[in-house]
1. Show me the strands (runs of 3 or more DSSP E) entirely contained within region 1-75 in which 3 or more residues are farther than 24 Å from residue 151 by Cβ.
2. Please state which of the following conditions residue 30 fails to meet, knowing it meets all the rest: (1) buried (at least 21 other Cβ atoms within 10 Å of the Cβ); (2) more than 19 Å from the chain's Cα centre (by Cα); (3) at pLDDT 95 or above.
3. Tally up the residues in region 33-55 that are closer than 22 Å to residue 271 by Cβ and either surrounded by fewer than 17 Cβ atoms within 10 Å (Cβ to Cβ) or at pLDDT 95 or above (or both), please.
4. Looking at residue 394, is it farther than 28 Å from residue 299 by Cα, at pLDDT 95 or above, assigned to a loop (DSSP other than H, G, I, E, B) and more than 29 Å from the chain's Cα centre (by Cα)?
5. List the number of the failed condition for residue 82; all other conditions in (1) crowded, with 16+ Cβ neighbours inside 10 Å; (2) assigned to a strand (DSSP E or B); (3) free of Cβ contacts under 8 Å to residues at least 40 places away in the same chain hold.
6. Which pairs turn up if I take residues in region 313-329 that are over 25 Å from residue 264 (Cβ atoms) and look for partners that are modelled with pLDDT of 95 or more with beta carbon separation below 6 Å, at least 6 apart in sequence or on another chain?
7. Among the listed residues 119, 91, identify the single one that is crowded, with 22+ Cβ neighbours inside 10 Å, closer than 22 Å to residue 180 by Cα and in contact (Cβ under 8 Å) with a residue 60 or more places away in the chain.
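The values are calculated or read from the model by the stated rules, or taken from the named source; none is laboratory data. All values derive from a computational prediction rather than experimental measurement. In this analysis, Cβ positions are derived from the backbone assuming ideal geometry, glycine residues included, and neighbour counts consider all displayed protein chains.
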């Protein structure tokens, strides 16, 4: 099976919205979270110190392996030996054949303590190196693309330091040997978190970051007097820039901003939009700055600019339990979900320290100060499993809006506890087209319905018809108007 990161399908209907539903009774819309599988990659090599911060997950150009680009940012107080070696900040590379078990790529080009037998990448900035594999570019020298944050100097007052920061872009034939960086105009004074992806629906490269982000300097104010920026939305917020060629970029435009329904003490650390089915989905990384924790919310949009949220604004992924490597951070990486077979792999950043200025994290522990830590975590869910329409044992019914007739329909559905789902065909006015129905029981992400057999006379292609679903102890996750092939 190949790793898949492009999920756009204009014929697949998801249920974040109910545009395709004409009427329903006894049906409940439920938003789902993935199941955490725990940490799958963390620091082991001496040059990694206490951090392998995952910043990019992407497939190789043949789709057979998955790569993890990670950053190590360690503090001299905790790792004086790495400071002596000039290795406090570096970028590394790991690969996996199943998305769970990871091996470091022995790049063999950067010397560390007399040896090049390591996974350290040459010739790249050491912060926020976001990478994608681009199968659409005809130039093989540009198969891999990346952006990176350049943060010169070691000024502690971040308000001062950020004025010298900027983003650069790279291209590469192999994801290891990168071109000379090109400065990206208009990306100055941004936040320190970003996202990079390719929008296959619109044919655009997409960068997200925080323009004029919420920053603190040396003096960390008490909870009752946190600073508020003037002239821009309160707190951190997310903006987007797009490019058709990875050269010329649009001005940063805000797309994810707090509103009155958000709880006090929440701001938006970063986010990433991506096409999925007939809509856009987006990860929104939320920072709870009263406590220093991070979680993620699932958003959706029809155009990638105007974003909708669940009614409850529930977290899609949350921090873990006390003692776990993700006790304080449970935020999804700014990368697309990865499909392998009928499962989605959703990668997250796990940390065991709260978010805040470094001096709040400094606690005496043995030989020095406790610095930052970071590991790669994995959560999984069924393909299309973000939102379902469900009915319990008392049953429920839904009827779709008129849809163009297709001889076959594929559903992603499951039943439990003796439940079932029945599907029949109606004409555009809601009249049954026969007395036949198709009955489904079980759990299948690609169950094909023979719609031609549900009409006394076969409708011509694209004739408007309605589908009627009856559910008992059943959940419907998506409908596709064409047969869905095995992604393998």
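1. Because the criterion is at least 3 residues that are farther than 24 Å from residue 151 by Cβ, the strands (runs of 3 or more DSSP E) in region 1-75 that meet it are 21-25, 28-31, 35-41.
2. (1)
3. The number of residues fulfilling the criteria is 3.
4. yes
5. With respect to (1) crowded, with 16+ Cβ neighbours inside 10 Å; (2) assigned to a strand (DSSP E or B); (3) free of Cβ contacts under 8 Å to residues at least 40 places away in the same chain, residue 82 is out only on (2).
6. Qualifying pairs under 6 Å: 325/39.
7. Unique residue meeting the criteria: 119.
Matching residues to (1) within 30 Å of residue 53 (Cβ to Cβ); (2) under 32 Å from the mean Cα position of the chain (by Cα); (3) assigned to a strand (DSSP E or B):
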| site | (1), (2), (3) |
| --- | --- |
| 376 | yes, yes, yes |
| 381 | yes, yes, yes |
| 385 | yes, yes, no |
| 409 | no, yes, yes |
| 413 | no, yes, yes |
| 421 | no, yes, yes |
| 435 | no, no, no |
| 445 | no, yes, yes |
